[in-house]
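Here's the structure we're looking at; comments come further down.
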């Protein structure tokens, strides 16, 4: 679905809601470093334009994910479908003996989040409050985001830099402006891990992302109505399924 058609009106509408914030950002992803010391290479640092919905309660997303997982498990052949998807993804060594432990581990992790204290995922209750401050754009606080105000660590090149913003949310759409020079990193994972990753991608929590917005990597950040207009002007593609998930998880 193109943002210039049906999605345009939806973005304008959700830009006015008060339970979260629509954000449009042009940013270079931080990516991951791999390789020997002194010859490390950064993978996955694509330059992208992303549309996010931020500011919802994370537990609402997890709760819906657990419900969706139960619905999937109720299907008699779900285990076989998940196994086939894993094999199709290139993990030919996977067996049904990997699938069921993976399903249980995903369920356990979701239940663990829901069992945490009610204020555990609240930005205002971060254990490291002394080194974090809320992000504000044009006087508007962006819930689901925070700015690192602690000290830098010269011995850790990838450590947070003072002024770095971390923004969490549901990804509604993304347009790659320039792909990463070295492509994406594909880790060598165990079969159970691959099954878990595929399963989570089928759940609402699979839409959840975090962006590290370092000053030199962030080209633009707009929120609310301006975010919707910005995305429309740049022709960002929005996933209609992500929009449906959005309205189901918003508190």
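For this structure, a couple of remarks:
- Residues in segment 191-222 that are in a strand (DSSP E or B), farther than 17 Å from residue 176 by Cβ and over 17 Å from the mean Cα position of the chain (by Cα): 222 alone.
- Scope segment 145-167; condition at pLDDT 80 or above, more than 24 Å from residue 52 (Cα to Cα) and exposed (fewer than 14 other Cβ atoms within 10 Å of the Cβ); matching residues: none
- Qualifying residue in segment 116-138 (condition: at pLDDT below 95, under 26 Å from residue 195 (Cβ atoms) and over 19 Å from the mean Cα position of the chain (by Cα)): yes
- If you go through segment 1-42 and keep only what is assigned to a loop (DSSP other than H, G, I, E, B), modelled with pLDDT under 50 and over 30 Å from residue 141 (Cβ atoms), you end up with 1, 4, 5.
The values are calculated or read from the model by the stated rules, or taken from the named source; none is laboratory data. Given the structure is predicted, the values throughout are model-derived calculations rather than measurements. Cβ coordinates were reconstructed from backbone atoms using ideal geometry, including for glycine residues, and neighbour counts include every protein chain displayed.
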